[in-house]
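**Student:** Here it is, the structure in full.
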Amino acid sequence: MTSFVVKALQKEELSIFSKLSDRELANRSAQWIRADTNPGYPCRVSLVDAEVGERVLAFSFCHHDVNSPYRSAGPIFIREKAETARLKINHIPKMLRHRLLSIRAYGSDNMMIGAEVLEGVDLEDGIDRLFESDKVEFLHIHNANPGCFNCAVYRA
């Protein structure tokens, strides 16, 4: 089995949003909302589902900001008091276990070279299959139904 590490978005990278007024957020097509279900609002910084009543920031994020036809952005949630998750090697966050996921494999040229849809309980097997190819540099994990980006995965 290939050793891997799941990487969250960095809190510091997104801290600009926490300093903006509601009007400034609206100008960036972002807004604070209250989680009304759990699970339902997976945080891309803490890699934890928001609790009911917790404030989350919803906005469009360019998670694959590259010079490639696969450049991609989409909606994500960040919990108001999120701290950046620092996961151990081969650890899968609980928030990924109960979702239908899409794994997308990318090469060094940032082109997608493989993909798979699976249940979160089978994520390790999917990661291992996609990393069997030496051409795969990294993976992106998305929620399969809404298509939203969750996190990246790298060889450890």
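**Student:** Yes or no: His142 modelled with pLDDT under 95 and either among the basic types (Lys, Arg) or surrounded by 13 or more Cβ atoms within 10 Å (Cβ to Cβ) (or both)? Steps first, please.
**Tutor:** On the way: modelled with pLDDT under 95: no; either among the basic types (Lys, Arg) or surrounded by 13 or more Cβ atoms within 10 Å (Cβ to Cβ) (or both): yes.
No.
**Student:** Kindly indicate the residue of region 1-12 that is under 18 Å from the mean Cα position of the chain (by Cα) and closer than 29 Å to Asp128 by Cα and also surrounded by the fewest Cβ atoms within 10 Å (Cβ to Cβ) among those meeting that condition.
**Tutor:** Gln10
**Student:** Write out, first by first residue and then by second, each pair whose Cβ atoms fall under 8 Å of each other, whose residues are 6+ apart or on separate chains, and whose first residue, in region 109-136, is touching a residue at least 60 places away in the same chain (Cβ under 8 Å) while the second is among the aromatic types (Phe, Trp, Tyr).
**Tutor:** Ile127/Phe4; Phe131/Phe4
**Student:** Taking the condition farther than 30 Å from Ser21 by Cβ and surrounded by fewer than 13 Cβ atoms within 10 Å (Cβ to Cβ), does Ser68 pass?
**Tutor:** no
**Student:** Here is a follow-up. Which one is surrounded by the most Cβ atoms within 10 Å (Cβ to Cβ), of the residues in region 89-108 that are touching a residue at least 60 places away in the same chain (Cβ under 8 Å) and over 30 Å from Trp32 (Cβ atoms)?
**Tutor:** Taking the candidates together, the pick is Asn90.
**Student:** May I ask you to list the residues in region 14-62 that are of a type in the set (S, T, N, Q) and either modelled with pLDDT under 95 or surrounded by fewer than 19 Cβ atoms within 10 Å (Cβ to Cβ) (or both)?
**Tutor:** Across region 14-62, the qualifying residues are Ser15, Ser18, Ser21, Asn27, Ser29, Gln31, Thr37, Asn38, Ser60.
**Student:** Please go through region 90-148 and pick out each residue that is of a type in the set (Phe, Trp, Tyr) and assigned to a strand (DSSP E or B).
**Tutor:** Tyr106, Phe138
The values are calculated or read from the model by the stated rules, or taken from the named source; none is laboratory data. Please read all numbers here as calculations on a predicted model, not as lab measurements. When we count neighbours, we look across all protein chains shown, and the Cβ atoms used for this are built from the backbone with ideal geometry, even at glycine.
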